[in-house]
1. Just counting partner chain Cβ atoms within 10 Å, what average do the residues of peptide A:337-348 show around their Cβ?
2. Identify which of B:ASP51, B:ASP346, B:ASP40 has the largest mean-square fluctuation in a Gaussian network model of chain B, with springs joining Cα atoms closer than 10 Å.
3. Name the residue from B:MET82, B:GLY227, B:VAL292 whose Cα lies farthest towards the positive end of the charge dipole of the range B:40-325, charges +1 on Cβ of Lys and Arg and -1 on Cβ of Asp and Glu.
4. How shielded is B:226-238 by partner chains, expressed as the average number of their Cβ atoms within 10 Å of its Cβ atoms?
5. Read phi for every residue in the range A:444-455 and hand back ³J(HN,Hα) as whole Hz from Karplus 6.51 cos²θ - 1.76 cosθ + 1.60, θ = phi - 60°, with x for Gly and Pro.
6. Determine the sum of side-chain charges near A:ALA309: Lys and Arg each +1, Asp and Glu each -1, restricted to other residues whose C-beta is under 15 angstrom from that of A:ALA309.
7. Give the relative contact order (percent, whole number) for chain A; include only Cα pairs under 8 Å separated by 6+ residues.
8. Please turn the phi angles of the range B:193-210 into ³J(HN,Hα) values with the Karplus equation 6.51 cos²θ - 1.76 cosθ + 1.60 (θ = phi - 60°), one per residue in order, whole Hz, x for glycine and proline.
Amino acid sequence: MTALLDIEGLTKAYPGVVANDDVSFSIQPGEVHALLGENGAGKSTLVKMIYGLVKPDRGAMRLGGAPYAPAEPRAARGAGVAMVFQHFSLFEALNVAENIALGMENPPKPRDLAARIREVSETYGLPLDPFRLVGDLSAGERQRVEIIRCLLQDPKLLIMDEPTSVLTPQEVEILFHTLRKLSAEGTAILYISHKLEEIRVLCDAATILRLGKKVGECTPRDVSAAHMAELMVGKTLSVPARDDHEPDEVLLEVRGLSVAPASPFGTPLRDVRFEVRAGEVLGIGGVAGNGQDELLAVLSGETPVVADAVTLEGKPVGALGPNERRALGLLCAPEERLGHAAAPDMSLTENALLTGRLRQGLDRRGFVDWGKTRGFAERVIDRFDVRTPGPGVAARALSGGNLQKFVIGREILQDPTVLVVNQPTWGVDASAAAAIRQALLDLAQNGAAVIVISQDLDELVEISDRFCALNEGRLSEPRPARGLGMEEIGLMLGGAHGMHEAAQ
Amino acid sequence: MIALEKRAQPSRAWVVGGPVLAVVLTMLAGGLMFAALGTDPVEAIRIIFWDPLFSERFAAYSRPQLLVKAGPLILIAIGLSMGFKAGIWNIGAEGQYILGAICGAAFGLAFYPSESPLIFPGMVLAGIAGGVLWAMIPALLKVYARTNEILVSLLLVYVAEAMLASAATGWLRNPEGSGFPGSRNLARHAGTANLELIAGTGMHWGVLAAFIAVIAAYVVMTRHVLGYQIRLAGQAPRAARFGGVNPARLVILCLGVSGALAGAAGLFEVSGPAARISIDFNVGYGFTAIIVAFLGRLNPIGILLAGLLMALTFIGGELAQLMLGVPAPAIQAFQGMLLFFLLALDLMANYRIRLKREGMA
């Protein structure tokens, strides 16, 4: 059998970094092929070359035996290669059919298109109403729009970039069902992920990249997840450790918190209530867009609420602004690093001042002590192993993972009473992620209360004492994390409604 | 293929060297234009850039004019630059300048003919108050009614002009002026005059205020938390809110400061160089200051230099018209070239040009 796609010696260099170095592998028709690697291993660059977004410096590709060198994505689509991106490109104010029509060369009449969308969605078990507004859809449903958009082109190869990062476990099941069906019909799937268990369940073959080079290939079903992780990282990983302890007095309490959304497609918070105790890590799971950003804004003080809704060590703080809360010991690290947690064009020193001014005493009567501020930035860089030439470098010049270490470290080093982090290890490589989790656990160990909002369920199970889930702005009752199964977590995430049809 | 690539860090060499190169390029391109018009290009360039400062014939008159013209431009531009850095766009400095002049002059004339030494300081305060008042209209409307400050501040310029006309022809008209529009001469009355501080230099209180504003703005923007918050709000509004910056307070503060400085500039002008409230009192300093602010890259030192350069091209341009009969549009085109080259080369501070070779394996 000839391979569907043959890749030989693909090389792509950017200024200062070789993204792909002499990568070769092949995909058979109907094969589900995993592309594994840490962030920055070169997975994205590789698929962008296959999809015609980036031109390789060297190397060649053959598709179905014929030379293949797409100049642009349109050429790739014409040749039968489709791609579902990690970040969706959909217009919230348009409906599903309109969004799909926008991506087509010659869109059929709306009614015909709607009929085809229904047909494809039924064939592949992806329930979707063509006339619903995309703004009203969940992340999982939005992904279905993107998948159906691809399937309408009858692709021979479907590329999926980290498709499960935004899905609940039940939605993942539906997706896998669809992918298996496609593969049985002869469509090959190139599946990018760093979730090893998923890959073991779904994929027929795997190619592993590290620092731009292919470091191995394996049949995922036949090897252990730990083996793949070692290939991926290049060393064995330590699991964060902690001692058992009894939680202490309540440090932060939220009750009766309801907030209307700031924008038409925002999520309202509905009667959210929880408490966190000293020495405890509270994990808040949930699929993106279910109120995580809104909850963080309420806790950080960016969205002031009634004073009584949030109390810190018994003091009502709901109406206070961000700096007043910092002074009292309530610190936050938002998800969006560039533009929210840090100003992209400012240096790390200036970004250290952003949240560190009050607690580190970085100003005297309003005049900034830049020397002291630089010292604080250097301590963060040093303690959290931020890879940068120095604190004078602009935040945007750092890689996502390094900036994340800086942002989290900046808050942890300020010795918070309560720390709230949103997606603390998003885009951070495995060893750095382990270091961040350990630092969060150490913080709790020393008597702080830590709230971790995350979409990475493995992470939450690993570090939380108690776990709860946000669903459409409602927070479930927190439950002890130990002994909680994925099935139960999935039901908590889905809010136990709307999941029955999906589970079929 | 030529492509632009963003630099990780702004290039220091281009930040400093760009403007110098821009002036040289303007001289070359402008020289070509003057040559095409049949004027000796070398002489034209010399008259514009050199003679206003160093010629024996003209310098005695034009050298003081440099500070007289640059003073208000710098003073207004410094105020505007703080707002612009924060992403708050006060386009109506011209109106705040007029209101400052009207309020300051009205205060001084209310005590006429007293020559008390307290009157001039009072006029300065009244001028500042007038400018702040006028700037608070767009500020409060933006904060409480979410209107766009660009439109409101700009349209208020025309209201201010109408008020200026009514003051000049009506309630501030010189009662001894045999019915001609325009107020009493403030510069020739001891109590209200904005005197030249050092004879023959053009250095009056307003120029001194401009220099003080440059230094104060430099200190605030680089050393003070307020300057940090202004830069933060302009670059990353979400990060600013996370950092505890109150957007409403910042809008009121930035518009207030720019209104205050524009109002002060108006007062210094009406009590000094312009000497009286007249219908055509405002000559566009408030608008030109926007260009000066950007030309100086919103940096206080840059604004100081940009204000002086702008004033020089105005004075030199007038001189060239007078001496060589160069048409006025040619002078405007020349000033346009200067702006064009400055802004075009400004790109190089943040981007580099790369020549990419086509082709792949």
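1. Per residue, the number of nearby Cβ atoms from other chains is 5 on average.
2. Per the Cα network of chain B with a 10 Å cutoff, B:ASP40 tops the list.
3. B:GLY227
4. On the way: counts 3, 3, 10, 2, 0, 4, 6, 1, 2, 6, 12, 3, 9.
Other-chain Cβ atoms within 10 Å of each residue's Cβ, averaged: 5.
5. 5, 4, 8, x, 8, 9, 10, 10, 10, 9, 7, 9
6. -1
7. Details: 1019 pairs, mean separation 75.4, N = 504.
That works out to 15 percent.
8. Computed from phi, the couplings for the range B:193-210 are 7, 8, 7, 6, 6, 10, 4, x, 10, x, 6, 10, 4, x, 5, 4, 4, 4 Hz.
The values are calculated or read from the model by the stated rules, or taken from the named source; none is laboratory data. Please read all numbers here as calculations on a predicted model, not as lab measurements. Please note: Cβ atoms are built from the backbone with ideal geometry, for glycine as well, and neighbour counts cover all protein chains shown. What goes into the accessible areas is simple: the full protein's heavy atoms, side chains included, and nothing from ligands, DNA or RNA. Shrake-Rupley method; radii C 1.70, N 1.55, O 1.52, S 1.80 Å.
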